[in-house]
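Colleague: Dropping the structure in here first, questions after.
The values are calculated or read from the model by the stated rules, or taken from the named source; none is laboratory data. Values in this document were obtained by computation on a predicted structure and should not be read as measured data. Neighbour counts are summed over all protein chains in view; Cβ atoms, including those assigned to glycine, are modelled from backbone coordinates with ideal geometry.
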Amino acid sequence: MSSSLKEYLREMIHGIYPPILQGSEAAPSPHSTQPSRVGEGVIDESTFQVIEADRLFDAINTAHTVIGQAVLYRSLAQPLADIKIIKAKQEALQELASNPSLREKIESLTKKASKREKSFYRLLFSKFTGFFGSSRGDTEIEGYGYATYERGTTFMLELVKDARTLPAPESNYLRILIDDLKGFGATKIHSLMKGPVYLTESGIRTREEKKWFIPAVKFRPTLFKPLFILAVLLGIVALFMYGPMVLGISFSSSPILILFLLPALIFYMPMVGTFDRDSCIYPLQKRYQESEDVHTALEALGKLDELLAFHHYGKSFGSPTVLPRVIAAKNHTLILREAKNPILGKDNPNYVPNDIDLDGQKLTFISGPNSGGKTAFCKTIAQIQLLSQVGCYVPAEDAEISVADRVFYQVPEISSLEDVEGRFGKELKRTKDMFLMTSPESLIILDELSEGTTHAEKLETSFHVLNGFYRIGNNTLLVTHNHELAERFKENKIGQYFQVQFIGEGPTYKIIEGISKVSHADRVARKIGFGKEDIERYLKEKGFVSG
């Protein structure tokens with residue numbers, strides 16, 4: 001790989017997302033990132049919810065660290081649109097799979113880090129109540145913060161120490177992340193954490209920054225200050241020896257001087273502790289919070305942990321998984337062979353796989369009876385697209401996918417009292433927003449269209465909407481019971497047509513070619529006990545005579 005491409009990857013890895021801790025006032029949580037607003041990212045909040053990305057996160061998440069879980073969730077909420085980064089992550093996964101020794105060492109690092117990680121967040125975001133105070137919540141800790149400071153900084157120091165034992169990987173993505181961890185050891189922040197720290201008139205300084213002739217207080221994260229205590233003891237001795245002479249009292253009266261020392265002895269701990277907390281620990285806490293070097297190191301740890309989660313997901317799925325071939329294409333393309341749902345198919349050998357070819361089709365209709373698997377099939381497509389764009393394995397025997405600049409999934413809306421336009425207007429507004437943000441590289445999935453109006457108007461409006469998407473040139477899938485709409489497009493030789501297969505009244509969950517003209521609504525009604533015969537029985541049980 002050329003040096004220019006390596007540098008590009010480095011810049012993208014560091015700059016494609018704002019760090020998890022940047023600007024944060026609390027410890028990270030796995031769900032700390034929200035999806036982008038419509039038109040600002042690959043998926044928006046509505047699509048994120050509809051395709052059940054939270055459940056997808058749960059299916060993948062084996063990250064050991066909190067920062068690893070937060071990075072993984074962020075990837076799903078804001079998937080990549082840069083093919084070079086996606087491929088770089090895939091190369092890293094391939095190296096982890098082919099180099100067990102490296103993988104085990106990285107995993108050991110993340111497991112060890114997970115045991116100390118929360119102590120660092122306590123250092124970053126806690127308030128210390130002092131000698132007389134008491135904690136009133138998770139973010140308040142009794143005392144002056146000495147133990148918290150020691151444990152928190154030890155986490156970062158040990159992280160660098162463990163990173164230095166890792167061998168140099170071949171893939172650039174892994175190498176950059178490991179270099180980021182090792183590189184933290186050469187930063188000023190690392191020197192401050194390692195100590196000693198000096199408090200000078202011009203601020204806090206490291207050992208390397210402090211000149212020998214500059215007066216300074218050496219910060220030690222403990223109440224036990226040997227030099228200070230020695231100075232106090234020498235002062236006491238001097239007071240006993242020379243105090244009576246200076247004050248003009250007899251030496252027999254010198255024990256009275258102890259009365260004047262008692263207040264200083266009683267307030268030794270609060271005075272020293274408060275000074276250290278307010279003059280050293282809090283200023284260092286703020287510097288660590290805002291440090292780009294700290295952010296870079298933690299991001300690297302999280303991204304390594306994310307890769308391990310992807311690796312384990314691919315190997316433990318229970319069915320074939322593959323890293324898809326991610327290609328550059330002017331129009332969105334997706335080809336899957338024997339694909340399973342990334343959530344429902346996990347550890348489920350009986351889950352029925354399906355093929356799909358969306359290469360150059362632009363418009364795809366999926367029809368068929370209720371509960372036949374249409375929605376699960378479309379969510380499979382959306383979830384696999386999402387997994388592909390975070391660099392993860394996908395559950396299929398073979399997969400080829402282009403990067404989508406937008407992935408939209410629309411389902412029927414539920415109107416509220418505030419919706420002036422009603423259900424139809426609310427849905428149509430959502431469709432309009434999607435349409436205006438769509439390009440030929442987008443993937444659009446529509447679960448029915450133009451609900452809340454007459455059948456004739458639904459047919460006409462849906463035709464114009466779909467024709468608009470078709471002219472844009474993206475991949476649009478429509479889940480529908482409206483076979484007249486599908487047939488109208490088919491007459492114009494536009495699109496491809498699939499239906500869910502039923503044998504008798506039972507679904508096989510296979511997707512086959514064709515347009516279904518039945519919905520099996522009566523079968524569903526009977527299944528839930530609300531068919532025609534059931535209604536008659538309920539009326540008789542309630543004592544109503546049929547009319």
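Colleague: Just for strands (runs of 3 or more DSSP E) wholly inside the stretch 457-544: which have at least 1 residues that are basic (Lys, Arg) and in the same structural domain as Thr438 (by TED's automatic domain parsing)?
Modeller: Qualifying strands (runs of 3 or more DSSP E): 506-513.
Colleague: Does Ser75 satisfy the criteria of being touching a helix residue (DSSP H, G or I) at 6+ places or on another chain (Cβ under 9 Å), under 26 Å from His311 (Cα atoms), among the polar types (S, T, N, Q) and surrounded by 22 or more Cβ atoms within 10 Å (Cβ to Cβ)?
Modeller: yes
Colleague: Which residues, counting only those in the stretch 325-358, are more than 27 Å from the chain's Cα centre (by Cα) and of a type outside the set (A, V, I, L, M, F, W, C)?
Modeller: Lys330, Asn331, Arg337, Glu338, Pro349, Asn350, Tyr351, Pro353, Asn354, Asp355, Asp357 - these are the residues of the stretch 325-358 that are more than 27 Å from the chain's Cα centre (by Cα) and of a type outside the set (A, V, I, L, M, F, W, C).
Colleague: Has the stretch 288-296 got at least one residue that is more than 20 Å from Ile85 (Cβ to Cβ), touching a residue at least 60 places away in the same chain (Cβ under 8 Å) and not in a helix (DSSP H, G or I)?
Modeller: yes
Colleague: Could I ask something else about it? Return yes or no: is Thr65 among the hydroxyl-bearing types (Ser, Thr, Tyr), crowded, with 16+ Cβ neighbours inside 10 Å and in contact with a Phe, Trp or Tyr (Cβ under 7 Å, 6 or more places away or on another chain)?
Modeller: No: the conditions fail for Thr65.
Colleague: Filtering the stretch 310-328 down to residues that are assigned to a loop (DSSP other than H, G, I, E, B) and modelled with pLDDT of 95 or more, which residue is surrounded by the most Cβ atoms within 10 Å (Cβ to Cβ)?
Modeller: Once the filter is applied, the top-ranked residue is Pro324.
Colleague: Look through the stretch 271-289, keep the residues that are within 30 Å of the chain's Cα centre (by Cα) and of a type outside the set (Phe, Trp, Tyr), and return whichever of them is nearest to Leu123 (Cα to Cα).
Modeller: So, considering only residues that are within 30 Å of the chain's Cα centre (by Cα) and of a type outside the set (Phe, Trp, Tyr), the one nearest to Leu123 (Cα to Cα) is Gln285.
Colleague: Taking only pairs six or more apart or across chains, which ones have beta-carbon atoms under 6 Å, a first residue in the stretch 329-354 that is at pLDDT 95 or above, and a second residue that is of a type in the set (Asp, Glu) and not in a loop (DSSP other than H, G, I, E, B)?
Modeller: Taking only residues 6 or more apart or on different chains, the pairs are Ile335/Asp357; Ile335/Glu400; Arg337/Asp355; Arg337/Asp398; Pro353/Glu338.
Colleague: OK, next. Determine which member of the set Phe120, Phe128, Phe184 is among the aromatic types (Phe, Trp, Tyr) and at pLDDT below 95.
Modeller: Of Phe120, Phe128, Phe184, the one residue that is among the aromatic types (Phe, Trp, Tyr) and at pLDDT below 95 is Phe128.
Colleague: Then there is this: With the condition kept exactly as written, say whether any residue in the stretch 182-194 is in contact with a strand residue (DSSP E or B) (Cβ under 9 Å, 6 or more places away or on another chain) and buried (at least 17 other Cβ atoms within 10 Å of the Cβ).
Modeller: For the stretch 182-194, residues in contact with a strand residue (DSSP E or B) (Cβ under 9 Å, 6 or more places away or on another chain) and buried (at least 17 other Cβ atoms within 10 Å of the Cβ): present.
Colleague: Looking only at the stretch 334-343, decide whether some residue is assigned to a strand (DSSP E or B) and of a type in the set (Gly, Ala, Ser).
Modeller: yes
Colleague: Determine whether Pro35 is closer than 23 Å to Lys112 by Cα, buried (at least 16 other Cβ atoms within 10 Å of the Cβ) and at pLDDT below 95.
Modeller: No, not satisfied.
Matching residues to (1) in contact with an Asp or Glu (Cβ under 6 Å, 6 or more places away or on another chain); (2) within 26 Å of Gln389 (Cα to Cα); (3) surrounded by 16 or more Cβ atoms within 10 Å (Cβ to Cβ):
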site: Lys89; (1), (2), (3): no, yes, yes
site: Arg103; (1), (2), (3): no, yes, yes
site: Ile106; (1), (2), (3): no, yes, yes
site: Leu109; (1), (2), (3): yes, no, yes
site: Ala113; (1), (2), (3): no, no, yes
site: Glu117; (1), (2), (3): no, no, yes
site: Leu123; (1), (2), (3): no, no, yes
site: Ser126; (1), (2), (3): no, no, yes
site: Thr129; (1), (2), (3): yes, no, yes
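Colleague: Please work out if Lys194 is outside the structural domain of Glu117 (by TED's automatic domain parsing) and free of Cβ contacts under 8 Å to residues at least 12 places away in the same chain.
Modeller: Here the answer is no, as Lys194 does not meet what is asked.
Colleague: Now a separate question. In the list Leu363, Leu304, Leu334, Leu358, which residue meets the criterion of being surrounded by 21 or more Cβ atoms within 10 Å (Cβ to Cβ) and either among the polar types (S, T, N, Q) or outside the structural domain of Phe469 (by TED's automatic domain parsing) (or both)?
Modeller: Unique residue meeting the criteria: Leu304.
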